[in-house]
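The values are calculated or read from the model by the stated rules, or taken from the named source; none is laboratory data. All of these numbers come straight from a predicted model, not from anything done at the bench. Here Cβ is always computed from backbone atoms with ideal geometry, including for glycine, and neighbour counts include all displayed protein chains.
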Amino acid sequence: MTNARLACTLLPLALCTPALAAPPETMIAPPSFHTAVEVNVVNVDVRVTDAGGRPVTGLNKRDFELLEDGKRVEISNFDAVGGTGLATPSAATSPAAPATENAWNLIVFVDNFDLHPANRTRALRQLQSTLSRLLAPGDRAMLVAYNLGAKVQLPFTSDAAAIDEALAKMEGAAVNADDADRRRRQAFSEILTIQAASLADPQPLPCPLRIAKPAHDFAQSRRDEVLRSLATLTVLVNSLSGVPGRKAVLHVSDGLPATPGEEVFQFLAELCGGGSGTGGIGNQRAGVKLEDAKEPGDAGYRPQPRGLGANDLDPNTVYDARLFGLGAYPAASQAPIDASTYSVAKELQALVAHANAQQVTLYTLQASGAERPAASEGDYGAGDRLAQFQSIDTVARTNAQNSLFALASGTGGRAILNVNDFGPGLLRMRQDFASYYSLGFVPEHKEGGEHRLQVRLKRRGLQLLYPQSYRYKTVLERAVDRTLAALFYGIEDNPLKIGLEVGEQAPGPNGSFAVPVRLRIPLAKVGVLQGDGTYEGSLRVLVATRGADGRTSPVRQIPVPIHIPHKEVLTALGQFYVYTLTIQLPPGEQWVAVGVRDEVSANTSYLSRAVTVGTQAASARP
C-alpha cells in the first residue's frame, strides 16, 4: 500500500453544526490555565541467576547499584517478581481474556526473508510443541511473518490450538534466503571471471581494481535488505508501547549479517592475498615463493602475478591462493576496510535502544542451528569451490550470529545459537520473565537520545541479564508509538472523549478512494491558556493507516491551533471542535488510527477503526 495522502479541512467554531449540540450545563468544565508537567520513570528489568543458571530470589533494593552513562542514579522504584511462570495446556486462560499488567506478551517474528525452507520448518514445528508450555494463565502470543513487509498471521491470543494451527500454516509461505545464496554465488563467479580475464591479458595483472565490484554490489543489496528488516522490527517494537504487561519478541531467522557481504570480501582477501591462511585456498603447495609480488600502490586490488595465465586455470582443480601472486598486497588491509563500510552496527544499536525504551526484550533463534551457513555449501561450480576456505566459512557463520547476539544481549534477552533442539532455550526464555527485579529511576535530562545503562550487584558470583541501554523518548515520540499501538492492536485510550466518524467515501486518483475521517473534539476537555483577547489551545493530530497486506503508512502529524475569543469562551466550552481528515486509501480492508494530543493538558486520546474501502458508503467498525 502506498503511503496515505492526507488532506485536512478545519471547520471554524462558528461552523459547528447544530447536531453537535452542547452537553448539559453541568458537564461544562472551566477552562484550564496551566501546562501539565509529565514525570517519566525509566524501568530496568534485571534477571539474576546463579552459576547454574537458576533464578536468584530474595534480593532487595540495597543489593543493586544502577548507573546511567556511567553516573550513579537513585533507584526510586523497586519491585521483585518471582515464580515459575510455566503453564500446562489446561491452565490456559480464555482466548478472549484481556491482557493485564503482569501478563506476558510474546510476539513470534518469523523472518521469511532470511530463512531456508527446511530450517523454518524445523523451527516452527519445535515452536508448536513448546509454545503451549510457555504461556502461563493470562499470557498471550502473536505471530508475525516478514518478507519485505510484516503481516500479522495471528493477533494476540492465548488459544493454544489457534497458535498451533497458525504455525502450521506459516510453513507454506515463500522464503528468500535461497535467493541471497544465489546472488552470493554469482558474486564469487564474477570475481573469478574477472581474475581469469585479467590473467589472460598480455600484461597480466591479478586482482585488478574492478575485481572488487561484485563484492560491493552484493554487499550493498544485502545491506538494503537488512536495513529494511531492522526498520520493520523497529516499527513493531515501537507499536508495543501501549500493550500492557511484559513484552518479548522472538526473532526467528537463519541470521542477519551484521556486516552484509563480509564473506565475499573475505573471498577476495583469500584469492588476492592477505587472507587468514598461510597456505591459501584449497591444496597447500609448499615451496611457492612470493617475493616477486609488487609493492602496494600498483593499479590493482593485488600485486604483480607470477606469470600465471588464463590457460593455466584448470576448472577441475582447487587452487592454492598463493599461486595467484599473493603476498604483500594492498588488499590485505583493503578488503576488511571495504567490508566494514556496509556494517549495520549503528542500526542494530538503535533498534536495541528503541526496544529498551518500550520495555521489549528481544530473543533471537537461529533456525539453521548447528549447521554450516549457506556461504560454505558444496554445490558451487569447480571454480566456486574456492569459497570453501575455512576463513570464509567462519566469517559467514560469525557474521550471521553477531547481529542476533547483539539484539538479544542488548535488551537483556538471550540468543539461541548453534543448537538443533530449541526447546531448552525457549523454556528458559519464559523463565526469564517469571523471575526478575524491576529498578526504576527518574532521569534528570528531558531531551531524547540514547543512554547507557549498567547494573551492579553487591553480591559476587551471580550473573545479570538487563538492557544495556535505553532511548529516552520525547513526548511526541511516545505519542507516535501509542498511535501505532492503536493501529496494530486496537488499543484505545480516550481521556479527551473524542468522537470519530467515517464519512461517505468518493473515488480518488489511481483507483483509490477519498475517505473522510471526522473528529469531534469536546472543547470542554481541551486545555487553554489565556492570551491577548483570546484563550489559546494547541492540539496535535497523528494519523496512520494499515492495509490488509500488513503494510503501514508513516505516522503523519498535523498541528492544530485553537483560538477562542474571551467573550465566547463559555459558549465554546459547550461545543465540539470539528476536524476532518480526508485520507486517500486503496480498495479493501483498511485500518485507521488517530491520536489527538492536547499540548496544554498533556492528555492524549488514541482511537482506531477498521474501514472497508471501495463501496459508495464507507463502513467502519470500532
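Side notes on the structure shown:
This table checks each residue for (1) under 30 Å from Gly70 (Cα atoms); (2) surrounded by fewer than 16 Cβ atoms within 10 Å (Cβ to Cβ).
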residue: Arg478; (1), (2): yes, no
residue: Ile498; (1), (2): no, no
residue: Val515; (1), (2): no, no
residue: Gly550; (1), (2): no, no
residue: Arg556; (1), (2): no, no
residue: Pro561; (1), (2): no, yes
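- In this structure, Ser538 qualifies as surrounded by fewer than 21 Cβ atoms within 10 Å (Cβ to Cβ) and either within 20 Å of Leu476 (Cβ to Cβ) or in contact with a helix residue (DSSP H, G or I) (Cβ under 8 Å, 6 or more places away or on another chain) (or both).
- Entry remark, segment 590-622: residues being part of a strand (DSSP E or B) and at pLDDT 90 or above number 19 in total.
- Checking each residue in segment 145-168 for being buried (at least 22 other Cβ atoms within 10 Å of the Cβ) and of a type in the set (Val, Ile, Thr) picks out only Ile163.
- Scope segment 57-69; condition within 20 Å of Gln468 (Cα to Cα) and either in a loop (DSSP other than H, G, I, E, B) or among the hydroxyl-bearing types (Ser, Thr, Tyr) (or both); matching residues: Asp69
- Residue, nearest to Thr545 (Cα to Cα), within segment 479-497, restricted to residues that are over 20 Å from the mean Cα position of the chain (by Cα) and among the aliphatic types (A, V, I, L, M): Ile491
- Any hit, segment 532-549, residues being without any contact (Cβ under 8 Å) to a residue 40 or more places away in the chain and assigned to a loop (DSSP other than H, G, I, E, B): yes
- Selection of segment 181-191 for residues being closer than 18 Å to Leu268 by Cβ and either basic (Lys, Arg) or buried (at least 21 other Cβ atoms within 10 Å of the Cβ) (or both) yields Arg183, Arg184, Arg185, Ala187, Phe188, Ile191.
- From the list Pro554, Pro559, the lone residue that is more than 26 Å from the chain's Cα centre (by Cα) and either among the acidic types (Asp, Glu) or in the same structural domain as Ala485 (by TED's automatic domain parsing) (or both) is Pro559.
- As for segment 392-400, it holds no residue that is crowded, with 21+ Cβ neighbours inside 10 Å, closer than 27 Å to Ile191 by Cβ and at pLDDT below 85.
- The selection criterion, being more than 35 Å from the chain's Cα centre (by Cα) and either modelled with pLDDT of 90 or more or of a type in the set (Gly, Ala, Ser) (or both), holds for Ala506.
- Within segment 221-267, being closer than 30 Å to Asn43 by Cα and part of a loop (DSSP other than H, G, I, E, B) holds for Val243, Pro244, Gly245, Gly255, Leu256, Ala258.
- Residue match in segment 345-355 (condition: assigned to a loop (DSSP other than H, G, I, E, B), out of contact with any strand residue (DSSP E or B) (no Cβ under 7 Å at 6 or more places or on another chain) and modelled with pLDDT of 90 or more): no
Condition check ((1) outside any strand (DSSP E or B); (2) modelled with pLDDT of 90 or more; (3) on the phi < 0 side of the Ramachandran plot) across all residues:
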site	(1), (2), (3)
Lys446	yes, no, yes
Gly461	yes, no, no
Ala486	yes, yes, yes
Ala514	no, yes, yes
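- Candidates Ser32, Ser76, filtered to the one that is at pLDDT 90 or above and hydroxyl-bearing (Ser, Thr, Tyr): Ser76
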